Amino acid sequence: MAMDSASPETQTSERSGPAVYFDGVSSRRRTVTLRLAERLEIGEDGQAPAAWDYQDIRRVDGPAGILRLSSLAAPALARVEIRDEALAAALVSRCTGIDDHMIGRGGVAAIVGWSLAAAASIVAVVLFGLPLIADRLTPLVPEAFERRLGEVADAQVKTMFDAKVCDNEAGQKAFVKLVTAIRESAGLDTSVQSGVLSSSVPNAFALPGGKVYLFSGLLAKAENPDEVAGVLAHELGHLKHRDSMRGLIHNGGTSFLIGLLFGDITGSSALIFGSRTLVTSSHSREAETNADSFAIDVMHRLGRPAKPTGELLLRVTGKEGKGLSIISTHPLSEDRLARMSRQDPPASGPPLLTSEEWKALKSICSAKI
Amino acid sequence: MNEMTWPPQVPPSMPSVPPPMPVAFTGKRREFFDLVKRGAGLEFVTLGFYRFWLLTDIRRHLWANTLVGGDAAEYTGRGKELLIGFLVALAILVPIYVGYFLIGLEAEHLQAFASIPLVAFFYLFGQFAIYRARRYRLTRTVWRGVRFWMTGSGWNYALRASLWGLLMILTLGLILPWRNAALERYKMRHSHYGDLQGSFEGRGWDFFKRGWWLWLLTPVALYVTPVAPFIYGAYKAIEWRWWLSGIRFGGVRVESTLRKGDLIGLYWKVVGWIVVFGLVFSVYLGLAAVLVASMTDSSFTEFFTSQEFMKSIPLLVLAGLGYLVFALAMNIVIRVYLLRDLWVRVLGSINVSGLEAAANVAARGDLANALGEGFADGLDVGGF
């Protein structure tokens, strides 16, 4: 069959055969005769509307069983469609650059290579660049902006935990006394706000812009003023280091960059959440350790031991077990207690609260004493 | 009107009007499967960056094997264009996200969670993306050496879509048929094939007549989940048929005979695969946990009763890898059934009449950029 269309009488190696031609200017379907001469001659009714140089011919997508071609020199959408397999094969063998525009193995390798390079540089920035950026940027953020952030977080926290501020008179007086003592020892000014929120969750936290909250659940678990004092000192340490601002920059940057990597700028999918947790919690453990050191210093300056705070933490969390806690945001309670007990001098200063004041603080959330 | 301005070669008065031309699909299922399988592997290796090229290859396969009136279409878009569109969209979206954050901060200052209505802004943006992405795809669609193209304004469309969206909320979705008809009229009015102008003749009332009972059944589907694929499948079939039957390009008319039950099987197959993959994934997680537990020095029960296994790094890595493979397998299944098979089934229901009006159309129109596709990718809104 391969020799059918070639006519031996012409004594050339030229071949010819039927094809369909679209000139790229109109949608008219033309039945043409292709002649493989010096160039590809496209003939219709004895005329030749076009001729394509072989090196300009490129393969384009076509349905199964049809070879569809375009030419770099012709209108961009001009097409030749060949059904005859032998003719198609003969033509393809003459076109040297027919697949030059396709993405070959090299192209795919380039995509893979550059993707991996992009991923590597994003990971490097997340691990090494962002902590640096957060450290440098945090002092530049105006206090007013941070306070505003804190107010937003404040409103959300109160809504989320459905928490009310506890402030019966005697309790509040004791709380203020305790906080003031710690604040002065910590070297922070009076802009620090603090309060007790009624919630069974045994926790305390610092919000950006100088707010410290203690949940009544933690008060309930505490056995003496030193335990609570250490926790408050720890939270003031976060304020002093502006850890929430730093964490915000770090978290925001991390989820944005990881989202970029996986093609979801909003940063919501499970994978992003997972990898972000791993990265940010390691950073948070470092901040927690620093806040612990700060709390130990403050307590020692007040002449009070830091060990009770560690005991309170262990009482709250229970034994946390061994193994590397890669996804937990805090260091293990056992380790924190060990750090706080180390070089803990015996109490040399006066107690921070009298036993009446301590009793009042414990019942700060009850309406009447 | 278009028949008057662009008379077909055969005068319309002649009685020998050619019969409606069916649409054919020549692609092999195996070939498509290999394409998405390889693509999923490359997506895995490139952490998702390959998606631009995979999407392009999928469209190239579907377009090139779709024959209308005996001539196959062609998709001339390229993965690089999508990548550039994504990068440009990124450059625009990032400052907007920062602005959104700051505005949200001010709003939250006045009232907790007050920033939620700002999400509406992103709805507007998403509709803009949908319009512009359609424009990109249409200008990359070529048939008989002439491209489709599109005019109109993405923002105008986004505004219309948002107002209709508001009505959707107020009427609990009952107005959907009229919304779709109005938006489709806008899109088709601005779509062209060469110098043939598109139009949309589907009426909201026809859609409503065929599908109102689905609206009543939707609350049932929310409670009785197994009913959902039936309802969704029937809804999609009605929508496809109504939409296709309304499409006109000059004198070319599209008609679809898709039946309500034609797509339900596809959705059930996907559900079946999800269940199978879900089971395999859970068994894998169980095996991984046992394997990791047997390598630690603590006893089995201690490992599982304490929270220790939640913190084990090898287990987390194994679970992450398993999840990735699970997600990729799901992607393959969804692409094979809900892109390729659905495409073939819908095509099989189509008749095209008046094709002689497209026999000698002059090429017109310019290419549109892929910015809309980039936005659609960044905002995660639909379209393929």
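Residues that are of a type outside the set (Asp, Glu), within 30 Å of A:Ile364 (Cβ to Cβ) and not in a helix (DSSP H, G or I): does segment A:150-164 have at least one? Yes, that holds for at least one residue. Of the strands (runs of 3 or more DSSP E) lying entirely inside segment A:54-135, those carrying at least 1 residues that are in contact (Cβ under 8 Å) with a residue 60 or more places away in the chain, of a type in the set (Asp, Glu) and within 14 Å of another protein chain (Cβ to nearest Cβ) are A:79-82. Taken together, the residues in segment B:27-64 that are among the β-branched types (Val, Ile, Thr) and modelled with pLDDT under 90 amount to 2. Among residues of segment A:19-42 being surrounded by fewer than 19 Cβ atoms within 10 Å (Cβ to Cβ), away from every other protein chain (no Cβ under 14 Å) and in a strand (DSSP E or B), the one that is nearest to the chain's Cα centre (by Cα) is A:Glu41. Summed over segment A:44-53, the residues that are part of a strand (DSSP E or B) and either crowded, with 18+ Cβ neighbours inside 10 Å or touching a residue at least 12 places away in the same chain (Cβ under 8 Å) (or both) give a count of 5. Here segment A:157-194 is the region considered, the condition is being polar (S, T, N, Q) and surrounded by 14 or more Cβ atoms within 10 Å (Cβ to Cβ), and the residue that is farthest from the other protein chains (Cβ to nearest Cβ) is A:Ser185. Residues in segment A:136-147 that are without any contact (Cβ under 8 Å) to a residue 12 or more places away in the chain and among the hydrophobic types (A, V, I, L, M, F, W, C): A:Leu140, A:Ala144, A:Phe145.
Considering only residues that are of a type in the set (Phe, Trp, Tyr) and either in contact with an Asp or Glu (Cβ under 9 Å, 6 or more places away or on another chain) or not in a helix (DSSP H, G or I) (or both), look in segment B:175-200 and name the one that is surrounded by the most Cβ atoms within 10 Å (Cβ to Cβ). The qualifying residue surrounded by the most Cβ atoms within 10 Å (Cβ to Cβ) is B:Tyr193. Screening B:Ser294, B:Ser299 for residues that are of a type outside the set (A, V, I, L, M, F, W, C) and modelled with pLDDT under 75 leaves exactly one candidate, B:Ser299. The residues in segment B:36-76 that are under 23 Å from A:Ala64 (Cα atoms), at the interface with another protein chain (Cβ under 8 Å from one of its Cβ atoms), of a type in the set (A, V, I, L, M, F, W, C) and crowded, with 20+ Cβ neighbours inside 10 Å can be counted, and the count is 4. Screening segment A:314-361 for residues that are closer than 22 Å to A:Ser216 by Cα, in a helix (DSSP H, G or I) and within 14 Å of chain B (Cβ to nearest Cβ) and picking the one that is modelled with the highest pLDDT gives A:Ser333.
State whether the residues of segment B:23-30 include one that is within 10 Å of another protein chain (Cβ to nearest Cβ), assigned to a helix (DSSP H, G or I) and more than 25 Å from B:Leu244 (Cβ to Cβ). No.
Residues satisfying the criterion are present in segment B:312-325 (criterion: among the β-branched types (Val, Ile, Thr), at pLDDT 85 or above and out of contact with any strand residue (DSSP E or B) (no Cβ under 7 Å at 6 or more places or on another chain)).
Residues in segment A:138-148 that are surrounded by 14 or more Cβ atoms within 10 Å (Cβ to Cβ), touching a Lys or Arg at 6+ places or on another chain (Cβ under 8 Å) and either basic (Lys, Arg) or away from chain B (no Cβ under 13 Å) (or both): A:Thr138 alone. Of the residues making up segment A:60-82, those that are within 19 Å of B:Thr26 (Cβ to Cβ) and buried (at least 17 other Cβ atoms within 10 Å of the Cβ) number 12.
Okay, residues lined up against (1) free of Cβ contacts under 8 Å to residues at least 24 places away in the same chain; (2) in a helix (DSSP H, G or I); (3) closer than 26 Å to B:Gly154 by Cβ:
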residue: B:Val336; (1), (2), (3): no, yes, no
residue: B:Leu347; (1), (2), (3): no, yes, no
residue: B:Asn351; (1), (2), (3): no, no, no
residue: B:Asn360; (1), (2), (3): no, no, no
residue: B:Asn369; (1), (2), (3): no, no, yes
residue: B:Glu373; (1), (2), (3): no, yes, yes
residue: B:Asp377; (1), (2), (3): no, yes, yes
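This table checks each residue for (1) assigned to a helix (DSSP H, G or I); (2) over 12 Å from B:Trp243 (Cα atoms); (3) over 21 Å from the mean Cα position of the chain (by Cα); (4) at pLDDT below 95.
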site: B:Ile169; (1), (2), (3), (4): yes, yes, yes, yes
site: B:Gly173; (1), (2), (3), (4): no, yes, no, yes
site: B:Gly202; (1), (2), (3), (4): no, no, no, yes
site: B:Trp205; (1), (2), (3), (4): yes, yes, yes, yes
site: B:Phe208; (1), (2), (3), (4): yes, yes, yes, yes
site: B:Trp213; (1), (2), (3), (4): yes, yes, yes, yes
site: B:Thr218; (1), (2), (3), (4): yes, yes, yes, yes
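The values are calculated or read from the model by the stated rules, or taken from the named source; none is laboratory data. Just so you know, these numbers come straight off a predicted model, no measurement behind them. Every residue, glycine among them, receives a Cβ derived from its backbone with ideal geometry; neighbour counts consider all protein chains shown.
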